[in-house]
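Quick notes on the structure that follows.
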Amino acid sequence: MISLAFIGVSLGIGLVLIGAGYGIAKIGSSAVESISRQPEAAGSIQLAMIISAALIEGIALFALVIAFQMGGKITENVLIKTAEKSATTVVEAGK
């Protein structure tokens with residue numbers, strides 16, 4: 001059961017990184033295409049591109065922090081269950 005939780009967190013991290021990479025690539029390609037069509041608007045297009053890329057990076061960082069926290073909670077629960085199981089085994093062995 002716990003291993004499935006680790007797989008879920010790992011998939012979440014991977015999807016976040018793939019999504020952020022795709023989003024920034026799409027912004028970059030659209031900006032280059034827009035600048036090639038209207039070179040006089042290059043400044044405003046670059047500004048919008050940088051703001052959009054920063055927002056995507058912020059969302060990706062937030063999602064990664066949440067995923068790592070979930071991984072930490074899962075690890076904490078595994079350690080607690082392992083300690084409880086060990087304590088139960090020691091108590092049963094002493095009887």
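Throughout, read-outs are computed from the coordinates displayed, never taken from laboratory work. All figures in this text were calculated on a predicted structure; none of them were measured in a lab. When we count neighbours, we look across all protein chains shown, and the Cβ atoms used for this are built from the backbone with ideal geometry, even at glycine.
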Completion exercise
Picking from Val32, Val9, Val65, the residue that is β-branched (Val, Ile, Thr) and in contact (Cβ under 8 Å) with a residue 60 or more places away in the chain would be Val9
Completion exercise
For segment 1-23 the number of residues that are over 11 Å from the mean Cα position of the chain (by Cα) and either of a type in the set (S, T, N, Q) or loosely packed, with under 13 Cβ neighbours inside 10 Å (or both) is 7
Problem - Residues of segment 24-58 satisfying the condition of being surrounded by 14 or more Cβ atoms within 10 Å (Cβ to Cβ) and within 30 Å of Leu4 (Cβ to Cβ) - result: Ile56
